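Read the structure below first, then the notes.
The values are calculated or read from the model by the stated rules, or taken from the named source; none is laboratory data. Since the structure is predicted, the reported quantities are computational estimates derived from the model, not experimental observations. Note that each Cβ is placed from the backbone with ideal geometry, even for glycine, and that neighbours are counted across all protein chains shown. Ligands, DNA and RNA are stripped out before the accessible areas are found, and what is left, the full protein with its side chains, is counted by its heavy atoms. Shrake-Rupley method; radii C 1.70, N 1.55, O 1.52, S 1.80 Å.
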Amino acid sequence: MAAASPTLSPRALELAQALVRMNTVSDRSNLELIHFIRDELGRLGVSSRLTFNAERNKANLFATLGEGKPAGVILSGHTDTVPWDGQDWSVDPLSATVRDGRLYGRGSADMKSFIALALAHAPAFLASDAPFAIHFAFSYEEEIGCFGVRELIADLREAGIRPLACIVGEPTSMVPAIAHKGVYRYRCCVRGKEAHSSLTPHSVNAIEMAARVIGRLRDMAEGFEREEPRYEGFDVPFSTASVGQFHGGIADNVVPRDAEFRYEFRDLPTADAQAMQRQVVDYARSLEPAMQQVAPDAGFRFETICEIPSFQSSAAEPVTRLALRLSGEPRTTLVAFGTEAGLFRNAGIPTVVCGPGSIVQAHQPDEYVSLEQLARCEAFLHGLASTQEVG
């Protein structure tokens, strides 16, 4: 006889709806949500440690449930969401509508529901006789570069907190994920020299110089596809490079002085994105002497938009074995999207990615997470509260 499917508790759904109804798009404050969680934990006697951005309109939250235990397992989630401007939604993105066994709303899958489920289980974590504590680590600005979690990790280090393991609750359909690619984004600004288009020898065409670097990026991308050792399990089993935006020029008959483009690398865990970027910069620098013969101030300027490291673990890691046991899954997976997992792992914290919902629904119109997935995650967390060892 098949085991009965888990059911979602009303409290967990209530909290998930409450968080989805808060507008925490990355360019807005997340303090409403952070203060809500802080206050909910405060009612249970749990204090929260907040770390703010420079403007103090956003914060990370770190809280320990089971203070005094010798080690702890982090439950990690980001509080910000992507916007929905221009998307064709059939419901209000902040309505947290429940319909046909699904919770709809921006952030429902990515990834407020996981945060809500963790919060719903705070009483169970406090009552647990497990030999480890549970840490909540909820960050800001993940969607635009994993900026908040860097401050959170630095704060933990300064406070002498050494977690045993970390579970990042991104949407993996509750299948533990042990690897993802990195995401490295850059802006290249090109300064040339304008002239009437009939006098091109007296100018430096910024668009054409930018195009040469873009051509090199395209060559690199084709080289990755042709030559890089495959990492089986990824949808695209090699590193990629692509240009996402380009701006330049003011008129057809003016040689453009300025151009700008943005590009990214998505590197395999076995690749080196920093070396990729050095190759681009070195090539651009090789073009500058000829440009500067015409205009001494001509050249290239590079800015880092974000650098999110790749993540690689294994099925043999104790935290992965724990996630497999709690999820009831017989296998691990790899995911194409970036997460905060690489940053936690680079900080020396064994990490796995496992959470409810699918990335296919994330960032889309009518984003949703199924109640069945939420119930599975709730069962996962219930098991975590009663487990006696990691691994």
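Could you pull out every one of the strands (runs of 3 or more DSSP E) wholly within the stretch 58-136 that has 1 or more residues that are open to solvent by 10 Å² or more (accessible area, probe 1.4 Å)? Lay out the reasoning, then the answer.
Working: elements: 59-65, 72-78, 102-104.
Filter on the stretch 58-136 gives 59-65, 102-104.
Condition test on residue 147, is it under 20 Å from the mean Cα position of the chain (by Cα), aromatic (Phe, Trp, Tyr) and open to solvent by 40 Å² or more (accessible area, probe 1.4 Å)? First the steps, then the outcome.
Working: under 20 Å from the mean Cα position of the chain (by Cα): yes; aromatic (Phe, Trp, Tyr): yes; open to solvent by 40 Å² or more (accessible area, probe 1.4 Å): yes.
Judged against the criteria, residue 147 is a match.
Considering only residues that are part of a strand (DSSP E or B) and of a type outside the set (Asp, Glu), which ones fall in the stretch 260-278? I'd like the intermediate steps shown before the answer.
Of all residues in the stretch 260-278, those part of a strand (DSSP E or B) come to 260-266.
261, 262, 263, 265, 266, listed by residue number.
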TODO: For the stretch 368-379, state whether one or more residues are part of a loop (DSSP other than H, G, I, E, B), open to solvent by 50 Å² or more (accessible area, probe 1.4 Å) and either under 30 Å from residue 88 (Cβ atoms) or modelled with pLDDT of 95 or more (or both).
DONE: no
Task: Residue check, residue 309 surrounded by 20 or more Cβ atoms within 10 Å (Cβ to Cβ), closer than 20 Å to residue 267 by Cβ, touching a Gly at 6+ places or on another chain (Cβ under 9 Å) and at pLDDT 95 or above - done: yes
Task: Residue in the stretch 324-332 that is part of a loop (DSSP other than H, G, I, E, B), closer than 21 Å to residue 122 by Cα, touching a helix residue (DSSP H, G or I) at 6+ places or on another chain (Cβ under 6 Å) and among the aliphatic types (A, V, I, L, M) present - done: no
Open item on the list: Checking the structure you have, find out if any residue of the stretch 201-213 is in a strand (DSSP E or B) and either farther than 30 Å from residue 108 by Cβ or in contact (Cβ under 8 Å) with a residue 24 or more places away in the chain (or both).
Closed with: yes
Task: Of residues in the stretch 279-302 being in a loop (DSSP other than H, G, I, E, B) and either open to solvent by less than 70 Å² (accessible area, probe 1.4 Å) or acidic (Asp, Glu) (or both), the one farthest from residue 234 (Cα to Cα) - done: 295
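Are any residues in the stretch 175-200 outside any strand (DSSP E or B) and open to solvent by less than 20 Å² (accessible area, probe 1.4 Å), and if so, which ones? So that I can check it myself, show each step before the final result.
Here is the first cut: in the stretch 175-200, the residues outside any strand (DSSP E or B) are 175-176, 181-182, 192, 194, 197-200.
The answer is 175, 176, 181, 182, 192.
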